[in-house]
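Colleague: Quick one: the structure is below, and I'll ask about it shortly.
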Amino acid sequence: MIVLRPSRRTARTTALGSVLFACGCGAARNPDTTLSAVLWVQSSAEYEAAATGIYGAATRVLELGWADSSWTAATEQEGDYRRLPAAVIVDVDETVLDNTPYQARLIEDGALYGPVSWGAWVAEAQAPAVPGALEFTRAAARTGVTVFYVTNRDSALEDATRANLERLGFPFAEGTDVILTRGERSQWGSDKSTRRAHVAQSFRIVLLVGDDLNDFVAADRASVTERSALVQRYRAYWGTRWIVLPNPMYGSWERSLIGNVDLSEDDVLQLKRRRLEAARQPPE
């Protein structure tokens, strides 16, 4: 069975248990649609290599951005920011903290994401670090760059989030609130633009790091086509000012596929199937 993973080295044993469960060695149920995605993040050398490489590249870009006072990664940055101290903004979930143990629990229980189960998981403060994230944030702090953790976790979960990050050794600047949660202020909704603007008032934002398009630019409720247009509009930012981590498990990309509406699980699956672009035999 899938269990809380003490280290990435044990993930393949974890993965085997998950496969056995999915093959019907437990109670009968439909295979979870996120099974392969969760196993890829937990078990594959490719994911570990990708995340480690991405954060290594981010560290090198950080040095360039820190040295260039005209450099900013935030479209919300205004005014003369060249003399402001430098900062980076990182998302939390699937960017610096790995929540696949929670995703695995959902698969085992045949359950969907919910605020009660999610809150219980966050309260445990046991999420491991995404490969490379700790090294990157520590390198930023050593350079004198303040690390902000801008997350759509609810403000009620901030203390538990801090406990998890501190347990792993992520850096925190003294005297500054660096965990900015959804609902912490009345104007801080799920759109992170207001929180990026808040940081940009006092800091020059050198890098944005996340796993979702909304970690970089406001894209909530955007269609698949509109999201692609945003990627092209800011194509010079990717890999330089904006660093994206892979997350095949969930995200706004998935909501855009189904038209950003609430549907039953069966309807979602049917819409996803219709979105597939399969190879077809050419007509004779």
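The values are calculated or read from the model by the stated rules, or taken from the named source; none is laboratory data. Because the structure is a prediction, the values reported are computed rather than measured. We place every Cβ from the backbone using ideal geometry, glycine too, and count neighbours over all the protein chains shown. In case anyone asks, the SASA skips ligands and DNA or RNA and just uses the protein heavy atoms, side chains included. Shrake-Rupley method; radii C 1.70, N 1.55, O 1.52, S 1.80 Å.
Colleague: Condition check: among the basic types (K, R), in contact with a strand residue (DSSP E or B) (Cβ under 7 Å, 6 or more places away or on another chain), touching a residue at least 60 places away in the same chain (Cβ under 8 Å) and crowded, with 16+ Cβ neighbours inside 10 Å. Does R105 satisfy that? Let's see the steps before the verdict.
Modeller: Numbers: among the basic types (K, R): yes; in contact with a strand residue (DSSP E or B) (Cβ under 7 Å, 6 or more places away or on another chain): no; touching a residue at least 60 places away in the same chain (Cβ under 8 Å): yes; crowded, with 16+ Cβ neighbours inside 10 Å: yes.
No: the conditions fail for R105.
Colleague: Of everything in segment 131-167, what is in contact (Cβ under 8 Å) with a residue 60 or more places away in the chain, more than 20 Å from A87 (Cα to Cα) and not in a helix (DSSP H, G or I)? Give them in sequence order.
Modeller: Residues satisfying the conditions are P131, R153.
Colleague: Before we move on, is Y113 within 17 Å of the chain's Cα centre (by Cα) and open to solvent by 50 Å² or more (accessible area, probe 1.4 Å)?
Modeller: The answer is yes for Y113.
Colleague: Within segment 63-84, does at least one residue satisfy the condition of being open to solvent by less than 10 Å² (accessible area, probe 1.4 Å) and in contact with a Gly (Cβ under 8 Å, 6 or more places away or on another chain)?
Modeller: yes
Colleague: Is it the case that segment 189-196 has a residue that's acidic (D, E) and more than 30 Å from I107 (Cα to Cα)?
Modeller: No: segment 189-196 contains no residue that is acidic (D, E) and more than 30 Å from I107 (Cα to Cα).
Colleague: I'd like the residue in segment 126-146 that is of a type in the set (A, V, I, L, M, F, W, C) and open to solvent by less than 10 Å² (accessible area, probe 1.4 Å) and, out of all such residues, is nearest to A173 (Cα to Cα).
Modeller: Checked segment 126-146; the qualifying residue nearest to A173 (Cα to Cα) is V145.
Colleague: OK, next. Of the numbered conditions (1) touching a strand residue (DSSP E or B) at 6+ places or on another chain (Cβ under 8 Å); (2) not in a helix (DSSP H, G or I), T75 satisfies every one except a single condition; which is it?
Modeller: (1)
Colleague: Could I ask something else about it? Identify, by number, the condition in (1) over 28 Å from A140 (Cβ atoms); (2) modelled with pLDDT of 95 or more; (3) of a type in the set (S, T, Y); (4) over 19 Å from the mean Cα position of the chain (by Cα) that T14 doesn't meet.
Modeller: All conditions are met except number (2).
Colleague: How many of the residues in segment 114-130 are outside any helix (DSSP H, G or I) and under 22 Å from L180 (Cβ atoms)?
Modeller: Total satisfying the criteria: 4.
Colleague: Shifting gears a bit: (1) in contact (Cβ under 8 Å) with a residue 60 or more places away in the chain; (2) crowded, with 22+ Cβ neighbours inside 10 Å: which one isn't true of V122, the others all being true?
Modeller: V122 satisfies all of (1) in contact (Cβ under 8 Å) with a residue 60 or more places away in the chain; (2) crowded, with 22+ Cβ neighbours inside 10 Å except (1).
Colleague: Shifting gears a bit: Hey, can you tell me all the residues within segment 175-192 that are closer than 23 Å to F136 by Cα and out of contact with any Lys or Arg (no Cβ under 8 Å at 6 or more places or on another chain)? Spell out how you get there, then give the answer.
Modeller: Taking segment 175-192 and keeping what is closer than 23 Å to F136 by Cα, we get 175-181, 192.
G175, T176, D177, V178, K192, listed by residue number.
Colleague: Another question, if that's okay. Let me spell it out: the conditions are (1) on the phi < 0 side of the Ramachandran plot; (2) at pLDDT below 95, and G53 meets all of them except one. Which number is the exception?
Modeller: For G53, the exception is condition (2).
Colleague: Further question on the same structure: What residue, among those in segment 268-284 that are open to solvent by less than 100 Å² (accessible area, probe 1.4 Å) and farther than 16 Å from T34 by Cα, is modelled with the highest pLDDT?
Modeller: Across segment 268-284, the extreme among qualifying residues is A278.
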